[in-house]
1. Is it the case that the range 389-408 has a residue that's of a type outside the set (Val, Ile, Thr), modelled with pLDDT under 90, outside the structural domain of Glu276 (by TED's automatic domain parsing) and closer than 22 Å to Arg177 by Cα?
2. Looking at (1) more than 29 Å from Val423 (Cβ to Cβ); (2) without any contact (Cβ under 8 Å) to a residue 40 or more places away in the chain, find the lone condition where Pro204 falls short.
3. Does any residue in the range 363-391 that is touching a residue at least 40 places away in the same chain (Cβ under 8 Å) come within less than 6 Å, Cβ to Cβ, of a residue that is among the charged types (D, E, K, R) and part of a strand (DSSP E or B) six or more places away or on a different chain, and which pairs are these?
4. Within the range 236-258, is even one residue without any contact (Cβ under 8 Å) to a residue 24 or more places away in the chain, aromatic (Phe, Trp, Tyr) and assigned by TED's automatic domain parsing to the domain that holds Tyr184?
5. If a residue has to be more than 14 Å from the chain's Cα centre (by Cα) and under 19 Å from Leu120 (Cα atoms) to count, how many in the range 174-211 make the cut?
6. Which one of Glu308, Glu304, Glu263 is closer than 27 Å to Val338 by Cα, surrounded by fewer than 21 Cβ atoms within 10 Å (Cβ to Cβ) and at pLDDT below 90?
7. Taking Ile350, is it of a type in the set (Val, Ile, Thr) and out of contact with any Lys or Arg (no Cβ under 7 Å at 6 or more places or on another chain)?
8. Looking at this structure, is Asp382 at pLDDT 85 or above and in contact with a helix residue (DSSP H, G or I) (Cβ under 8 Å, 6 or more places away or on another chain)?
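The values are calculated or read from the model by the stated rules, or taken from the named source; none is laboratory data. The structure displayed is predicted, hence computed values, not measured ones. A quick note on method: Cβ atoms are made from the backbone with ideal geometry, for glycine too, and the neighbour counts reach across all protein chains shown.
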Amino acid sequence: MAALEISVDDLQLGMYVSQLDRPWLGTPYLLEGVMIQSQEDIDQLAQLCQTVFVDETTIPASFKPKRIILVKASSHTPEVLTSKKTASDQITPGELEKIERTPFHGNQRYTDIHPVDRELPVARQALEVSISMLEEIHGHIEHGVKLDYRHAKEVVESLRESVVRNPDALLLLSRLRKTRHELYEKSVRSSVYLLALGRHLGLPREELSALGMGGLLMDVGQAQLPVEIQKKTGKLSTAEHEIFKRHVAYGETSVATTLDISEAVLAIVAQHHERENGSGYPRGLFANQLHPYARMAAVIDSYESLIEPARDMPAFRPFEALRELQTNSRGGLNSTLVEQFCQFIGVFPIGSLVELNTGEVAIVLAHNRTQRFRPKIMVILDAKKKPHESPRQLDLRLSETSVTGIEYEIKRDLALGAFGIDVSRYYLG
């Protein structure tokens, strides 16, 4: 969805605000976009920020901004200029799209090519092949055999292309797909999250490939930990945690010796547990010593550990996890990347569980890009929390109603496994 940055003073009825000049977290809108339906909407935004990004498809052809946004090259800090400035001082709306807003942004623009339903079969095949490749990688590492990197690259590219066409399909399947090996599941989810974040940031395809490969491999060293550590349920002791931290070094060594890998991928494997304030491991590196993609991986790894924790630890609800990420961004995680991750993952992430205002429970299947509080869902439990015999799909954007005439709305998000739900039952096979 292409967007144009304009002053809040230039907002008009019917425009859709997709991004603010500040994080959505901490605003009345949470992570949601805003459809301008009244002057009150504009007044409220004016109290929160100076500029906003508006979906270009909602901007009238006759729109002429009274103010132009100028971005200072030295600081990337937006400055609002009145139209009384000379033409040489002004930047046209078209030129604004060429300006990088953060050091992590690329210049590539992606739009959804396929609807989720069409992409699901292709995404499912890519997912299955990636899990098979992980089994192959672990086998090669165990026996010290060099892996055919061309094959690994082809597998990652199949994941990449699915995410480019529509990230929702793989985001959904990677959450619902369950295998006998938890480490493989987490690795695939990490890869998909990194690919989707890179797409959101507008990175070119070759960079997406590095992110996808890094996500698949960043925890490969865990397979070399003692079996009692791998299989332990419950919290690790201090001594056990020190042993667990060795998986980073194991993974770095294994990947470097068995794969013809790029520097960026190796950095993800070696640095995804490092933190910007030097509190991470294994080397205690600081922000300026970290590869940008490792900083992205740190955000993904932290989110994963909150919503799907290991060793039977309690899981955070998705929104609670986003709040926790925001707290961690004050020192450990990069605040810009946390904000961007929150923007693309949304209040109700793909594959998460939600309770409706009817009391029913549903799985989020896909986002509606312009109305993120109204996703596509599959209703799986009735109001008494009993399984529906025939789960049905709804698009909340269409204002669908229940049998009693109530318009469906999401009441709250739920932790994974709420009400004893096994999401693997609803893997769309």
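1. Yes; the residues of the range 389-408 include at least one that is of a type outside the set (Val, Ile, Thr), modelled with pLDDT under 90, outside the structural domain of Glu276 (by TED's automatic domain parsing) and closer than 22 Å to Arg177 by Cα.
2. Every condition holds for Pro204 apart from (2).
3. Listed pairs, sorted by first residue: Leu365/Lys376; Ala366/Lys376; Lys376/Asp395.
4. yes
5. Counting residues in the range 174-211 that are more than 14 Å from the chain's Cα centre (by Cα) and under 19 Å from Leu120 (Cα atoms) gives 5.
6. So the residue among Glu308, Glu304, Glu263 that is closer than 27 Å to Val338 by Cα, surrounded by fewer than 21 Cβ atoms within 10 Å (Cβ to Cβ) and at pLDDT below 90 is Glu308.
7. No.
8. It is false that Asp382 is at pLDDT 85 or above and in contact with a helix residue (DSSP H, G or I) (Cβ under 8 Å, 6 or more places away or on another chain).
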